[in-house]
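Scroll down for the structure; my scribbles are underneath it.
The values are calculated or read from the model by the stated rules, or taken from the named source; none is laboratory data. Fair warning: this is a prediction, and the values are worked out from it, not measured in the lab. Backbone-built Cβ (ideal geometry, glycine too); neighbour counts: all protein chains shown.
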Amino acid sequence: MTDDAHPPKLAVHELGVVARRGAEEGQRIVDAVSFFVIQGGVFTVVGPSGSGKSTLLRAVVRLIEPDAGRVLLDGRDVTALPVAELRRRVGLVFQRPAMFEGTVADNVLYGPRLRRECPERDGPEARDLAVPLLERVGLPADFAGKPADELSGGEAQRVALARALANRPEVLLLDEPTSSLDPTASRRIEELLAALAESTDLTFVFVTHDLHQARRIGDHGLLLVEGRVVEQGRLPGMLDDPAHDLTRLFATGRLSGRTGESLRDERPAAGAGPDDTGTLP
């Protein structure tokens, strides 16, 4: 729900992205996608592999420039913001965490160092800045000096989260951050994100293709298939009692990544977007 007391923190209006190269050049990867998230909300984007979920997140933060539509942050079009400011305020955590050369502290403090907000080299002051961020994501203080290339997958994803949090973001986009992890590490990342959502006013957009995870994470969400919104609503109700046949197929694990031209002439199901009062079903 949104109203004067709870305006959208992040609003996406009719966003579109066209493929510019490869076999799909000229095809719409993201097609007229709209949703909003209030401050402190957790919004989940679900869908099969190849449905455009990652492209959607990259377009929100302008790693890919959309061909249509608008993205608003606190009501302001993100194209009016310097790119560096946008990417500080809206963080993006990728599916596979990339660690830079150097220590864990070097990785965590990458953003602040770019902005010259902390020492260029490791030392007591840099450690004092890195350690609280590491502890926030459940890693011990002695990880600060550990070589980043010695981390396990789950540890690296926690460091990637700490690196994003070091920028003091207002919105955090998470692109299937647990899909490359084993079940134990995956649940630990989920628990960490739940704790962050509970203890901060961060706004989250979480992307997943995992049905069980989609039922656990987020208060509202949408199903994306072939770049289009099929259905949108509260979770887990949207998956447990879907209005659209494609949502029902997805919820029962029977929807493949590509459905041919099945969506091109269809209107989204009831509940596929905010109504004219701005309220999600």
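The figures follow:
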| quantity | calculated |
| --- | --- |
| Criterion: more than 20 Å from Leu193 (Cα to Cα), modelled with pLDDT of 95 or more, surrounded by 14 or more Cβ atoms within 10 Å (Cβ to Cβ) and in contact with a Leu (Cβ under 9 Å, 6 or more places away or on another chain) - qualifying residue of Val45, Val33 | Val33 |
| Residue satisfying all of: in the range 134-156; hydrophobic (A, V, I, L, M, F, W, C) and farther than 17 Å from Gly102 by Cα; surrounded by the fewest Cβ atoms within 10 Å (Cβ to Cβ) among these | Leu139 |
| Residue within the range 38-47 that is under 30 Å from Asp149 (Cα atoms) and not hydrophobic (A, V, I, L, M, F, W, C) present | no |
| Residue under evaluation Asn107, criteria (1) touching a helix residue (DSSP H, G or I) at 6+ places or on another chain (Cβ under 6 Å); (2) in contact (Cβ under 8 Å) with a residue 60 or more places away in the chain, criterion not met | (2) |
| Filter result (surrounded by 13 or more Cβ atoms within 10 Å (Cβ to Cβ), more than 20 Å from the chain's Cα centre (by Cα) and outside any helix (DSSP H, G or I)) within the range 78-108 | Gly102, Thr103 |
| Tally, over the range 146-180, of residues that are in a loop (DSSP other than H, G, I, E, B) and more than 30 Å from Arg76 (Cβ to Cβ) | 6 |
| Val93 being closer than 18 Å to Pro169 by Cβ and either β-branched (Val, Ile, Thr) or in contact with a Lys or Arg (Cβ under 6 Å, 6 or more places away or on another chain) (or both) | yes |
| Options Leu81, Leu57, Leu92: the member that is more than 23 Å from Gln213 (Cβ to Cβ), at pLDDT 90 or above and of a type in the set (A, V, I, L, M, F, W, C) | Leu81 |
| Odd one out for His244 among (1) under 24 Å from Ile29 (Cβ atoms); (2) at pLDDT below 90; (3) out of contact with any helix residue (DSSP H, G or I) (no Cβ under 8 Å at 6 or more places or on another chain); (4) not aromatic (Phe, Trp, Tyr) | (2) |
| Qualifying residue in the range 121-129 (condition: in contact (Cβ under 8 Å) with a residue 40 or more places away in the chain and not charged (D, E, K, R)) | no |
| Enumeration of residues in the range 109-145 that are more than 22 Å from Leu172 (Cα to Cα) and either at pLDDT 90 or above or part of a helix (DSSP H, G or I) (or both) | Pro124, Glu125, Ala126, Arg127, Asp128, Pro140, Ala141, Asp142, Phe143, Ala144, Gly145 |
| Given (1) surrounded by fewer than 20 Cβ atoms within 10 Å (Cβ to Cβ); (2) farther than 24 Å from His6 by Cβ; (3) at pLDDT below 90, index of the condition Glu198 fails | (2) |
| Filtered residue count, the range 114-133, keeping only those that are basic (Lys, Arg) and crowded, with 16+ Cβ neighbours inside 10 Å | 1 |
| Selection count where residues are touching a His at 6+ places or on another chain (Cβ under 8 Å) and among the aromatic types (Phe, Trp, Tyr), scope the range 36-64 | 1 |
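Okay, residues lined up against (1) charged (D, E, K, R); (2) under 14 Å from the mean Cα position of the chain (by Cα):
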| site | (1), (2) |
| --- | --- |
| Asp182 | yes, no |
| Arg188 | yes, no |
| Leu192 | no, no |
| Ser199 | no, no |
| Leu202 | no, yes |
| His209 | no, yes |
| Ile217 | no, yes |
| His220 | no, yes |
| Arg228 | yes, no |
